[in-house]
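> Got a structure for you, questions after.
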Amino acid sequence: MRAIVERATNLLQGQGGALYKIDAAKQTLSVLVSYRLGDLTRRRCALATVCLAAWRAAPTMIINDYSNWEGHVTVDGKVPFMA
């Protein structure tokens, strides 16, 4: 999984990347793998209503300005997340 995140991050020329697991029953996201973002593994956050709706509505979603998207997840305000 790390190799997938690393390759995707490099292809998109991103500063870092992560792979999340959705637990629909608990309505949480868990970080499985993080690349160049510090150790975010085992982090858990509640799914915002918008995130859950997007996950249910479409298999693929492109967000051009993740940090300003109303459904973005903040991790201690330290990581400049983008998608």
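> Inside segment 16-37, can you point out the residues that are closer than 23 Å to ASN64 by Cα and either of a type in the set (Gly, Ala, Ser) or more than 13 Å from the chain's Cα centre (by Cα) (or both)?
Answer for segment 16-37, where residues must be closer than 23 Å to ASN64 by Cα and either of a type in the set (Gly, Ala, Ser) or more than 13 Å from the chain's Cα centre (by Cα) (or both): GLY16, GLY17, ALA18, SER30, SER34, ARG36.
> Output yes when any residue across segment 51-67 is within 17 Å of MET1 (Cβ to Cβ), modelled with pLDDT of 65 or more and loosely packed, with under 13 Cβ neighbours inside 10 Å, and no when none is.
no
> Here is a further query. Step by step: first the residues of segment 1-24, then only those that are part of a loop (DSSP other than H, G, I, E, B) and of a type in the set (A, V, I, L, M, F, W, C), then the one that is farthest from TYR35 (Cα to Cα). Which residue is that?
Once the filter is applied, the top-ranked residue is ALA24.
> State yes or no: is ALA83 among the hydrophobic types (A, V, I, L, M, F, W, C) and modelled with pLDDT of 75 or more?
no
> Does TYR35 qualify as being in contact with a Lys or Arg (Cβ under 7 Å, 6 or more places away or on another chain) and either closer than 17 Å to LEU12 by Cα or at pLDDT 75 or above (or both)?
yes
> While we're looking at this one, here's another question. If I filter segment 7-14 for residues that are at pLDDT below 85, loosely packed, with under 15 Cβ neighbours inside 10 Å, within 23 Å of ASN64 (Cα to Cα) and out of contact with any Pro (no Cβ under 7 Å at 6 or more places or on another chain), do I get at least one hit?
No, segment 7-14 contains no residue that is at pLDDT below 85, loosely packed, with under 15 Cβ neighbours inside 10 Å, within 23 Å of ASN64 (Cα to Cα) and out of contact with any Pro (no Cβ under 7 Å at 6 or more places or on another chain).
> Given the conditions (1) touching a residue at least 40 places away in the same chain (Cβ under 8 Å); (2) out of contact with any strand residue (DSSP E or B) (no Cβ under 7 Å at 6 or more places or on another chain); (3) among the small types (Gly, Ala, Ser), report the number of the one that ALA3 does not fulfil.
Among (1) touching a residue at least 40 places away in the same chain (Cβ under 8 Å); (2) out of contact with any strand residue (DSSP E or B) (no Cβ under 7 Å at 6 or more places or on another chain); (3) among the small types (Gly, Ala, Ser), ALA3 violates only (1).
The values are calculated or read from the model by the stated rules, or taken from the named source; none is laboratory data. If you're wondering where the values come from, they're calculated on a predicted model, not measured in any experiment. When we count neighbours, we look across all protein chains shown, and the Cβ atoms used for this are built from the backbone with ideal geometry, even at glycine.
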